[in-house]
Every structure is written in C-alpha cells, then in structure tokens.
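All remarks here apply to the structure that follows.
The values are calculated or read from the model by the stated rules, or taken from the named source; none is laboratory data. Keep in mind that what you see is a predicted model, and the values were worked out from it rather than measured. FYI the Cβ positions are ideal-geometry reconstructions off the backbone, even for glycines, and counts take in every protein chain you see. Ligands, DNA and RNA are stripped out before the accessible areas are found, and what is left, the full protein with its side chains, is counted by its heavy atoms. Shrake-Rupley method; radii C 1.70, N 1.55, O 1.52, S 1.80 Å.
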Amino acid sequence: MYVFENPVLQRELLVNLRTKRAFVLLAVYQLLLATVVVAAWPSDQRLDLTTNPPSATKLVNLFFLGQYVIASLMAPSFAAGTIAGEKERKTYEMLLASPLRPGAIIIGKVVASLTHIGMLIIGSLPIIVLCLPLGGVSVYEVLAAYLGLIISVILFGAIGVMASSYFPRTSSALVVSYLAILPLVIGACLFWASMASEGDLRLKISAIVFPAFGLTAVILMGAAAAGRMLYPPDVGSEGKEVIDLDREAEEAVGLVIQPDQFPDRLFAPPKKDEMMADGANPVYDKELHSEIFSQGTLMLRLVIQISILLAIPMMGVFLFFQQRHAPWFGVYVIVFNMLVGPSFLASSITSERERQTLDLLLTTPLSPVQILWGKFVVRFRITFVLTSFLMWPLILGAALNTSFWSNGLTVLGMFAIIATVCLVNCVIALACSLFSRKTSIALLTTYAVLLLLYVAPPAFSTLARTLEMSAPVIAQADWTGVASPFSALFALPLNEEIAPENPEVNAGQWPIVIGYFLFSTTLVMGITAAMVLRLRSRQGLSEG
C-alpha cells in the first residue's frame, strides 16, 4: 500500500510523466550535459592512457559538477508543490479525509516527485560512459559520484516535501527549500574539490558516511511531514490554515517579528488603526496590510534566520581572512535576493488571476501605472529590507578591516550592484507574474530568466578559460558579462593592500561594470513599458 499500490504515487506518476514537459525536459537536460562534454572534450592530439590525463579529469569533474548543480536546482521545483499544491488546488481537505495513512501519502509524493529526476540522472549514464576510456577517473569513483548524486536528490526532495507541508503556497515552500539546500550544495562541491588528491578517502566517505547521514535525514523529515498531516493545524474553508498572528508570535522559536518596533516595521507594518487617506493608492494599501502577511510570518522568520546564519561565517572568511575573495560575499547576497525576491513579486498579478479578481481590478478607475506601482513598491520594499540585513556584514567588514579603506570605490560599487540586482529581479518577477497564469509558473519562469542572465555569461567565460580557448573567444565571452552582476562584481578593481603578495590581484574592468548598469537600466525600462502596454490592452478588453 505504501509503494506498489499507492494511489497517490500512481496518480502523480501518470500526471507528471505523460506530459509534453517531461519529454522536453529530458531532451534539454541531455543536450546541456552533452554540450558540456563536447565543449570540454580534450583537444590533445595524443593522450597517454597509461596515466591520468589532466584534461580527461577536468572533463569528468565538469560533467559531474554540472549535473549536480542542475539536479539540485530541479529537485525542489518538483517537490515543493507536492502538498502546497493540494492546498492551492483546494483538495487538501479531501486528501486528509482519505483512508490513506500520512506515511503512505508522503512516500507517494516523494517518490513521484523524484522519479522524473531519477530518469534524467539515469539517462546521463551513456554520456559519462563515453568519458571513461579517456582515463582520469576510475569506475568506482563514478559509481560513488552517482550514489552521492542520487542520495543528494532524495535529500533535497525530502526537504522540499517537508517545506511543502508547512506552507500554504508553493512559492514559499520553494524559497525555503532553496535556502536550506544552498549550504548543502556549497559544502558538497567544496568537499569534492578539496578531496581530489585523496581519492580513496573521498570514495569511502561518498559511499558509506554520506548515504547514512542523508537517508537518516530523509527519514526524519518524512516523519515530520507525516506527523503534520496526522495532526494538522486548524483548517478553514477551502483547505486554508487558520493562522492567528498573535498566537504564532507567542509560539515562534528564535526570531519573533514585532511590527510595532524597528526595524521590523520596515517590512511588516503594524495593524491599521485609521481610515485610508484621500487620494491614497488602494492597491498599495491592500498589499501592505493584508496581502503579504495573510498566511503568517513563518517564511519570513526562516528566511531571515537562515540567511544570517550563513552570512556570519562568510563575513569572517571573505572580509577578514581572504580579502582578495571579497566579491564572493556579494555573490552570496545576490544569490539570496535571486531566491527570495521573486517569491514576493511572482504572485502579485497571478494571485488576482487565480482569485478571478483581475478583471474587477482592471475595471476600477486606477490606471495601469497605479496598479503596477502599488503592487511593486510594497513587495520591493520587503525584498530590499531583507537583502539589506545581509549588507551589514559588508559594512562592518569594510569599516573594521583597514585593507578596504583604500578600496572605497569598489565597496560602493558592490553596494550599487546589489541594489541594482534588487530592482531588476523584482521587475522581472512582476513581468513574469503579469504574463503567466499561475504563481508557480511565474516563479519558475523568473528563476529561469535570472539564471540565463546572471549565470550563463560568467559560466561561458569560465569555461572558455578552463578549456584554454583562443583570446578572441575569451574576450567575447567576457563581454557577455554586461548582463550579469556576478561578472560585474569580479570586474571591480582591488588594489595591492588586499593581497600584498599579489599586487595585480585584480586590475578591474570598468567597461564591464558600466556596461552592466547600462544594460540593467535598459532592461528595466523595456520591461516596464511592456507591462504597462499589456495592462492597457487588457483594460481595454475588460471595458469592452
């Protein structure tokens, strides 16, 4: 009943694996991995297979790193909507009333959500088999890497399912899942790279220690999710949980959000005790006081606590002990905003469409600019304040570490780049919400666009240097960095006080930095114009 005759598992498999998206995703996944292998294929005219060719080792490492990152990004997207999706579809009460045990439901959801990713991983085996004759890695290391990859995917899926059981929205569960998975992915990549010279030890840890801890964590998280379904909180109409903010604050563990105190009131305004002023934007007022915090503050509390816990050790490493790697702290802040910021904006318009109130909103006297402005300002305000919490370590590091005093312009450039990222991410998420029908689709589309803009250019540049391509190709790859804040961060100059042993640690590329700001300004203006035109055309149809 738990696996072979599980109706939840059978239904999920039929729905997920028979869609066109499943076949398209499999084809795209295989093409991406094949592209990495073809691009990194050794160019040596003759390989000495009696030893371990460094080019072959580089190829295998790139293959597994690419597959691990892609799988870690995909696992939460499949798992985060397993239970939260039932709540959004208003079928959660029916699922709780079924004769199925909570354990059977959780097992069915986890297995179904990870089956598709398992097919993708198994489908990559023929590609890695082509790389084995080149040498550089043993068959046992490949098997250990695949075992670690499968255990990681199961662990990430369990994290997504547990988060899905605690949140009423898929977007909230997805953001918390990504934040919880982020340190695990970073730690796994650092472990694999640092243990490259200790092949036997790395093999034993990957095959024995990591699976034991991973499966234990999966069992515990599955039990927690099943226990929440066995004793669910108060459920109101349409399967929505009844949340009392005062009671939630009393029972909160760790951080407690108090809207009447600073700085909490910057993103969590106190209860409204007066009438709305004449001439005020009603959309802004509604979003500020009822839309954001109608489902409780659990997501905000988790986001703040997890992000700060990660920021503290990163501040010590990158801003005090390894100053030449200071841009990596900015990378962490940008990644945080990429994960958290779109979750608020991606539901701004789709929530109106899902509640079937968008046409009513468009028939009001409010102009499209007022509607967009009211929704944007409130949600941008929350994401900007949350991101600003992570800027305090950068301020402290730059103020206390004298090495940064002569790099004031670079520090200001980091602040400007991060602020620009906040604006661009929110505008893109708002546009995806306007042009999508569902919040989950809008959020995933936003993530895909941001990955294409931010990650693809530096990845292309790094790959060109790793494979020792020609100078013109490397120069062209560098210029694609005008679309990426990551490239702009590493293009900021750092003088010899950061690394006395290496005076030319980073000469800087100001054209890339200036190009990034120009590109971002043009992108924001173009997207804003497209959104206004879209709402005006929809408004005309509604009036007609």
(message) Cβ-Cβ under 7 Å, sequence separation 6+ or interchain: first residue in segment 59-82 and more than 17 Å from LEU443 (Cβ to Cβ) and touching a residue at least 24 places away in the same chain (Cβ under 8 Å), partner assigned to a loop (DSSP other than H, G, I, E, B) and not aliphatic (A, V, I, L, M). Which pairs?
(response) LEU59/TRP41; LEU59/PRO42; VAL60/GLY136; GLN67/SER124
(request) Could you pull out the residue among LEU345, LEU362 that is under 30 Å from GLU88 (Cβ atoms), more than 25 Å from the chain's Cα centre (by Cα) and among the hydrophobic types (A, V, I, L, M, F, W, C)? (result) LEU362
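Looking only at segment 316-342, count every residue that is at pLDDT below 85 and either among the basic types (Lys, Arg) or not in a loop (DSSP other than H, G, I, E, B) (or both) and tell me the total.
Residues that pass the stated criteria total 9.
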(message) For the list (1) in contact with a Lys or Arg (Cβ under 9 Å, 6 or more places away or on another chain); (2) under 30 Å from VAL333 (Cα atoms), I need the number of the one condition that PHE213 fails.
(response) (1)
(request) Kindly indicate which of LEU345, LEU319, LEU309, LEU339 is within 25 Å of ALA488 (Cβ to Cβ) and open to solvent by 20 Å² or more (accessible area, probe 1.4 Å). (result) LEU339
(message) I'm told SER542 meets every condition in (1) among the polar types (S, T, N, Q); (2) modelled with pLDDT under 90; (3) under 24 Å from the mean Cα position of the chain (by Cα) except one. Can you identify the failing condition by its number?
(response) (3)
(request) Please specify each residue of segment 79-98 satisfying the condition of being open to solvent by less than 30 Å² (accessible area, probe 1.4 Å) and among the β-branched types (Val, Ile, Thr). (result) THR82, ILE83
(request) Kindly provide the set of residues from segment 349-380 that are under 29 Å from LEU309 (Cα atoms) and crowded, with 19+ Cβ neighbours inside 10 Å, ordered by number. (result) PHE376, VAL378, ARG379, PHE380
(request) Could you figure out which of (1) in a helix (DSSP H, G or I); (2) of a type in the set (Ser, Thr, Tyr); (3) open to solvent by 10 Å² or more (accessible area, probe 1.4 Å); (4) under 22 Å from LEU300 (Cβ atoms) isn't true of SER406? (result) (4)
(message) Just to be sure I understand, how many residues within segment 65-103 are part of a helix (DSSP H, G or I) and either under 30 Å from PRO183 (Cα atoms) or β-branched (Val, Ile, Thr) (or both)?
(response) 22
(message) Given (1) modelled with pLDDT under 80; (2) over 27 Å from the mean Cα position of the chain (by Cα); (3) open to solvent by 50 Å² or more (accessible area, probe 1.4 Å), identify the lone condition not met by ILE208.
(response) (1)
(message) Would you confirm whether or not segment 94-111 contains a residue that is under 27 Å from LEU31 (Cα atoms) and either in contact with a strand residue (DSSP E or B) (Cβ under 7 Å, 6 or more places away or on another chain) or in contact (Cβ under 8 Å) with a residue 60 or more places away in the chain (or both)?
(response) yes
(request) Would you mind stating whether VAL218 is touching a Ser or Thr at 6+ places or on another chain (Cβ under 8 Å) and closer than 27 Å to LEU444 by Cα? (result) no
(request) Give the residue that is farthest from the chain's Cα centre (by Cα), with candidates limited to residues of segment 436-449 that are aliphatic (A, V, I, L, M) and surrounded by fewer than 22 Cβ atoms within 10 Å (Cβ to Cβ). (result) ILE441
(message) For segment 132-144, give me the residue count where each residue is closer than 24 Å to PRO211 by Cβ and modelled with pLDDT under 75.
(response) 6
(request) Would you confirm whether any residue within segment 378-400 is touching a residue at least 12 places away in the same chain (Cβ under 8 Å), of a type outside the set (S, T, N, Q) and not in a helix (DSSP H, G or I)? (result) yes
(message) Please determine whether any residue of segment 458-481 is among the aliphatic types (A, V, I, L, M), open to solvent by 20 Å² or more (accessible area, probe 1.4 Å), modelled with pLDDT of 90 or more and part of a helix (DSSP H, G or I).
(response) no
(request) Select from segment 412-431 the residues that are touching a residue at least 40 places away in the same chain (Cβ under 8 Å) and open to solvent by 20 Å² or more (accessible area, probe 1.4 Å) and write down the one among them that is farthest from GLU287 (Cα to Cα). (result) ALA416
(message) Could you tell me how many of the residues in segment 432-452 are free of Cβ contacts under 8 Å to residues at least 24 places away in the same chain and in a loop (DSSP other than H, G, I, E, B)?
(response) 0
